[in-house]
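S.K.: Quick one: the structure is below, questions incoming.
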Amino acid sequence: MVGIEIRQQLKLTQSLVMTPQLQLAIKLLQLSRLELQEHVQQELMENPFLDEAPESSPAESSEKGAEGGAEASAAPDAGLLAGEGREADWSERVQQILPDDPGTEVPRSAMSDVDLDRYLENHSRGEPPPFLRADASEELPQDHDTRYVQKGTLYDHVAWQVKLAEFTPREEQLALLILGNLDRDGYYREPPLEDLAEEVGLDLDEAEEVLREVQRMDPLGVAARDLRECLLAQAEVLNLEPPLVQMIDRHLPDIEKRNFQAVARAVGLDIEDVYAAAEVIATLEPRPARNFTGEEPQYVIPDVEVRRGADGEWQVVVNDDGLPRLRIARYYRDVIDRDPSAREYVRGKVRSAQWLIRSINQRQQTLLRVSERIVDRQRDFFDKGVSELKPMILKDIADDLGMHESTIGRVTTNKYMQTPHGIFELKYFFNSRIRRLEDEDIASEAVRSEIKAIIQGEDPQQPFSDQQIVKLLADKGIVIARRTVAKYRESMGLLSSSRRKRFY
């Protein structure tokens, strides 16, 4: 029988331990601009030692620059987001209190009473803290646009019309139940109408009549069960011609496929009339809830800007507008005086604030370096346009900067660059290679631009097929398969040649 014993042994291993500061730096690196702003605001709320420096006027900035030019040149990135002037003095004192390596433990003797008390004594006088208000119960004024330009919901808009209609109480209840089951496009798809009719105590014929009345309210076609029913409701209210209503009722699939010859034979009209009717049908609204979705447009604020300098070279500037200028707050002497045990709390919060400021500075510097390398490698794009975009992968930038590909991936995710040709996500500049017959390889995005230009310049009555586009690209030395052309065309939202064709 083998005995079980407990023994101790020493084992030497190597492992990667991520310090809290490294984890914070990685987290901030992959955040978008909006997410970074939200994270900073959250930290400002949770950390009483983190403060937002007020924006200085141009006169104050020039005065500070004249007085502290030597300090600024010694630490070029000290004022990026960490504040200036007295904040630089506070940063020096923090360096005396905290070690350079955030992963090491601070000895208790390193944060002596003399150092902290001296700092608090020097900065005890000054303006009141920005987070204190004279009247705590006073509410901030509501934004004008939020107060007066709020959109009503589709339910409220149609329910108001239902209240004004001459419905019986049961019919009104059924109409409201129908409105409560609309999808985001304004269609009523489930549950079955007979279930709702049974719930309120109406016959199916009565329920169908209520549904028909709701579909003719504004917006026209709301609560339709399919596209055909939606367009029919609009056609009847608009008093469209009977042949056109017949096309919607019986030949909508052929119209969608632009098979006008089949429709012309079925309704006994000339193909010119069928084409004109299709143009009218295209003006109807297939999504009644389009104006009631509540989706606000998302505006992109570029993280970096590329512009020509005075010497004609391209310059990359990091956009810090909207990002708070952070500093260490200096209003907590009373806390230390009242409770000496709070010194440990102060030390932890000061260290956390310093880590955040350093990590944001590092994020901006990394973003600047990556953007500069992108500009260097894609100089032809900035000089001539999208057609000159070169193939490039993450590994190319990673090798140039001595970084890992995952780091470049984090930097280029949800970050945007403003260029003379528009605003692009940084990932836009990374493209696969498309082979050319004679010239050097071309980027896939440049091929998309060529396909789009070919389609925009075609004859609408004789559009190019995908195979014809392949031949046109081959004439320019670009070798590409037909299925690749179809894939690129569909990714840009361009229809096939049969659906792009205009008959007249």
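The values are calculated or read from the model by the stated rules, or taken from the named source; none is laboratory data. Fair warning: this is a prediction, and the values are worked out from it, not measured in the lab. Here the Cβ positions follow ideal geometry from the backbone for every residue, glycine too, while neighbour counts run over all protein chains shown.
Rundown of residues vs (1) out of contact with any His (no Cβ under 8 Å at 6 or more places or on another chain); (2) β-branched (Val, Ile, Thr); (3) within 19 Å of ASN291 (Cβ to Cβ), yes/no style:
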| residue | (1), (2), (3) |
| --- | --- |
| PHE167 | yes, no, no |
| ASP183 | yes, no, yes |
| GLU198 | yes, no, no |
| VAL214 | yes, yes, yes |
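S.K.: Restricting attention to the range 460-504, and to residues there that are among the polar types (S, T, N, Q) and loosely packed, with under 13 Cβ neighbours inside 10 Å, which single residue is farthest from SER432 (Cα to Cα)?
M.R.: GLN461
S.K.: For the range 316-328, how many residues are under 25 Å from the mean Cα position of the chain (by Cα) and part of a strand (DSSP E or B)?
M.R.: 4
S.K.: Which numbered condition trips up VAL447, out of (1) without any contact (Cβ under 8 Å) to a residue 12 or more places away in the chain; (2) under 20 Å from ALA474 (Cβ atoms); (3) surrounded by 18 or more Cβ atoms within 10 Å (Cβ to Cβ)?
M.R.: (1)
S.K.: Oh, and also: Which residue pairs have Cβ atoms closer than 8 Å, lie 6 or more positions apart in sequence or on different chains, and pair a first residue in the range 365-382 that is in contact (Cβ under 8 Å) with a residue 60 or more places away in the chain and under 19 Å from ASP320 (Cβ atoms) with a second residue that is part of a helix (DSSP H, G or I) and of a type in the set (Val, Ile, Thr)?
M.R.: THR366/THR407; THR366/VAL411; LEU367/VAL411
S.K.: Within the range 457-472, is even one residue under 18 Å from LYS390 (Cα atoms) and in contact with a helix residue (DSSP H, G or I) (Cβ under 9 Å, 6 or more places away or on another chain)?
M.R.: No, the range 457-472 has no match at all.
S.K.: Report every pair of residues separated by at least 6 positions or lying on different chains whose Cβ atoms are under 6 Å apart, first residue within the range 208-235 and touching a residue at least 24 places away in the same chain (Cβ under 8 Å), second surrounded by fewer than 22 Cβ atoms within 10 Å (Cβ to Cβ) and of a type in the set (D, E, K, R).
M.R.: VAL210/GLU171
S.K.: Could you list all residues from the range 226-238 that are under 18 Å from GLU256 (Cβ atoms) and loosely packed, with under 15 Cβ neighbours inside 10 Å?
M.R.: ASP226, ARG228
S.K.: Exactly one of these conditions fails for ASN414: (1) buried (at least 19 other Cβ atoms within 10 Å of the Cβ); (2) under 29 Å from GLN30 (Cα atoms); (3) in contact (Cβ under 8 Å) with a residue 60 or more places away in the chain; (4) not small (Gly, Ala, Ser). Give me its number.
M.R.: ASN414 satisfies all of (1) buried (at least 19 other Cβ atoms within 10 Å of the Cβ); (2) under 29 Å from GLN30 (Cα atoms); (3) in contact (Cβ under 8 Å) with a residue 60 or more places away in the chain; (4) not small (Gly, Ala, Ser) except (1).
S.K.: Give the range 401-427 a look and list any residue that's of a type in the set (A, V, I, L, M, F, W, C) and over 14 Å from ARG363 (Cβ atoms), or say none.
M.R.: Those that are of a type in the set (A, V, I, L, M, F, W, C) and over 14 Å from ARG363 (Cβ atoms): LEU401, MET417, ILE423, PHE424.
S.K.: Let me ask another. Residues to consider are ALA446, ALA398; find the one that is in the same structural domain as LEU494 (by TED's automatic domain parsing) and part of a helix (DSSP H, G or I).
M.R.: The match here is ALA446.
S.K.: On to the next question. Collect the residues in the range 253-289 that are part of a helix (DSSP H, G or I) and either outside the structural domain of LEU240 (by TED's automatic domain parsing) or buried (at least 16 other Cβ atoms within 10 Å of the Cβ) (or both), keeping them in residue-number order.
M.R.: Matches in the range 253-289: ASP254, ILE255, PHE260, VAL263, ALA264, VAL267, ASP273, VAL274, TYR275, ALA277, ALA278, ILE281.
S.K.: Whether any residue in the range 389-399 is surrounded by 14 or more Cβ atoms within 10 Å (Cβ to Cβ), of a type outside the set (Phe, Trp, Tyr), touching a Leu at 6+ places or on another chain (Cβ under 7 Å) and closer than 18 Å to ASP376 by Cβ is what I want to check.
M.R.: No, the range 389-399 has no match at all.
S.K.: Exactly one of (1) among the hydrophobic types (A, V, I, L, M, F, W, C); (2) in a helix (DSSP H, G or I); (3) free of Cβ contacts under 8 Å to residues at least 40 places away in the same chain is unmet by ILE360. Its number?
M.R.: Failed condition: (3).
S.K.: Hey, any hits in the range 448-463 for a residue that's in contact with a Gly (Cβ under 9 Å, 6 or more places away or on another chain), farther than 18 Å from ARG377 by Cα and hydroxyl-bearing (Ser, Thr, Tyr)?
M.R.: yes
S.K.: Would you point out which residue out of VAL304, VAL316 is within 30 Å of GLU35 (Cβ to Cβ), in contact (Cβ under 8 Å) with a residue 60 or more places away in the chain and buried (at least 18 other Cβ atoms within 10 Å of the Cβ)?
M.R.: Every option except VAL304 fails the conditions.
S.K.: What single numbered condition from (1) farther than 23 Å from ALA235 by Cβ; (2) exposed (fewer than 15 other Cβ atoms within 10 Å of the Cβ); (3) at pLDDT 90 or above fails to hold for LEU176?
M.R.: All conditions are met except number (2).
S.K.: Going by the conditions given, is SER56 modelled with pLDDT under 50 and closer than 23 Å to GLY322 by Cβ?
M.R.: In short, no.
S.K.: Additional query: What are the residues in the range 342-351 that are in contact (Cβ under 8 Å) with a residue 40 or more places away in the chain and either over 20 Å from GLU46 (Cβ atoms) or in contact with a helix residue (DSSP H, G or I) (Cβ under 8 Å, 6 or more places away or on another chain) (or both), if any?
M.R.: Correct list: ARG343, VAL346, ARG347, VAL350.
S.K.: Within the range 418-471, work out how many residues are in contact with a strand residue (DSSP E or B) (Cβ under 6 Å, 6 or more places away or on another chain) and hydroxyl-bearing (Ser, Thr, Tyr).
M.R.: So the count comes out to 2.
S.K.: For ASP376, are the conditions met, namely being closer than 19 Å to LYS427 by Cβ and at pLDDT 85 or above?
M.R.: Here the answer is yes, as ASP376 does meet what is asked.
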